[in-house]
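Here the structure comes first, spelled out in structure tokens, and everything after it is commentary.
The values are calculated or read from the model by the stated rules, or taken from the named source; none is laboratory data. As the structure is a computational prediction, the values presented were derived from the model and not from experiment. Ideal geometry is used to build each Cβ from the backbone, glycine not excepted, and the neighbour counts take in all protein chains shown.
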Amino acid sequence: MQKEFTYLIFYKPYNVLTQFTRERPEHHTLADYIKFDKDIYPVGRLDKDSEGLLLLTNDKRLNQILLEPANKRPKTYLVQVDGDITSEAIKQLQSGVEIALEDKTYHTKPCQAKKLAKPPVLPERNPPVRFRANIPTSWILITLTEGKNRQIRKMCAKVQFPVLRLVRVQLGDLTLGNLLPGKFRKISLEELQTVLLIKPEEWKKKSSDIHKNVKTESKKPTKPSKYKTLPIQKGKRK
């Protein structure tokens, strides 16, 4: 019997971990919003202090296709920064900047970035972003084809405009639509393949690979123990 796959689009709220396990009593997780089978898991992740579009599924093919670096599917974010961002800073973001990744530096790839003329229409964040009357804020739209750890925050800090709010609004051609924070909707496989620009042959290849791996693992021989079994010695105890 073929397994039934589930595909969900979720609007992750601020201060929610991209996992189902609560490591501390005060943590908010996906389990507070999504009540589905235990094998549903997120594809990729969003930081605790980031918001927006998150995909969840029990279909391993989708995870493999979207997370392969060679696929480079664009991800678009609305970003509120501290200060009135300059055209020079925008150019630096577009060209790529040096950011810290663990114990080394990394030059980000060229990306699309532009300053928005007015704030986008978004649901209010809970809690709201701090307001300071003497310091303006501005909004930018950034589209990346990579996803290093806290990349956008590090990029904006590098050009001297720290991030105040970060919302992922699009993955490929997939958008949040009318979803509100904390809500989700199901999406069909056919719609998902279309909006994520997944070619039929790409999907077929992943199906074949997963089937092959399962078959190989089931037939994998058990390695003999390197320890010899000693014969049981019968006799009186001393």
- Message: Taking the criterion of being within 16 Å of Asn149 (Cα to Cα), at pLDDT 95 or above and of a type in the set (Gly, Ala, Ser), would at least one residue in the range 84-98 satisfy it?
- Response: yes
- Check Val129, Val163, Val167, Val159 and return the single one that is buried (at least 20 other Cβ atoms within 10 Å of the Cβ) and more than 17 Å from the chain's Cα centre (by Cα). Val163
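Mind checking which residues of the range 102-113 are part of a strand (DSSP E or B) and either surrounded by fewer than 14 Cβ atoms within 10 Å (Cβ to Cβ) or on the phi > 0 side of the Ramachandran plot (or both)? Write out each step before concluding.
First, pick out the residues of the range 102-113 that are part of a strand (DSSP E or B): 104-107, 112-113.
Lys104, Thr105, His107, Gln112 - these are the residues of the range 102-113 that are part of a strand (DSSP E or B) and either surrounded by fewer than 14 Cβ atoms within 10 Å (Cβ to Cβ) or on the phi > 0 side of the Ramachandran plot (or both).
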- Message: Just to check your reading of the model, which residue among Leu122, Leu180, Leu197 is in contact with a strand residue (DSSP E or B) (Cβ under 8 Å, 6 or more places away or on another chain), exposed (fewer than 14 other Cβ atoms within 10 Å of the Cβ) and assigned to a loop (DSSP other than H, G, I, E, B)?
- Response: Leu180
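For the range 51-68, does any single residue satisfy the condition of being of a type in the set (Asp, Glu), modelled with pLDDT of 95 or more and under 15 Å from the mean Cα position of the chain (by Cα)? Even if it seems obvious, please write down each step before you answer.
Residues of the range 51-68 of a type in the set (Asp, Glu): 51, 59, 68.
Subset that is modelled with pLDDT of 95 or more: 51.
Now drop any that are not under 15 Å from the mean Cα position of the chain (by Cα), which leaves 51.
Yes: one or more hits.
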- Message: Just to check your reading of the model, which residue among Lys186, Lys148 is touching a residue at least 40 places away in the same chain (Cβ under 8 Å), touching a Leu at 6+ places or on another chain (Cβ under 7 Å), surrounded by fewer than 17 Cβ atoms within 10 Å (Cβ to Cβ) and assigned by TED's automatic domain parsing to the domain that holds Val81?
- Response: Lys148
- Query: Within the range 34-51, can you find the residues that are in contact (Cβ under 8 Å) with a residue 12 or more places away in the chain and either part of a strand (DSSP E or B) or closer than 16 Å to Lys186 by Cβ (or both)?
  - Reply: Ile34, Phe36, Asp37, Asp39, Ile40, Tyr41, Pro42, Val43, Glu51
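Out of the residues in the range 52-78 that are among the charged types (D, E, K, R) and touching a residue at least 12 places away in the same chain (Cβ under 8 Å), which is nearest to Asn178 (Cα to Cα)? Show your work before the answer.
Pass one, the range 52-78, residues among the charged types (D, E, K, R): 59-61, 68, 72-73, 75.
If we keep only those that are touching a residue at least 12 places away in the same chain (Cβ under 8 Å) too, we end up with 59-61, 72-73, 75.
On the way: Asp59: 25, Lys60: 27, Arg61: 27, Lys72: 26, Arg73: 22, Lys75: 18 Å.
Out of the qualifying residues, it is Lys75.
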- Message: Tell me yes or no: at least one residue of the range 15-33 is assigned to a strand (DSSP E or B), out of contact with any His (no Cβ under 8 Å at 6 or more places or on another chain) and either hydrophobic (A, V, I, L, M, F, W, C) or surrounded by 19 or more Cβ atoms within 10 Å (Cβ to Cβ) (or both).
- Response: no
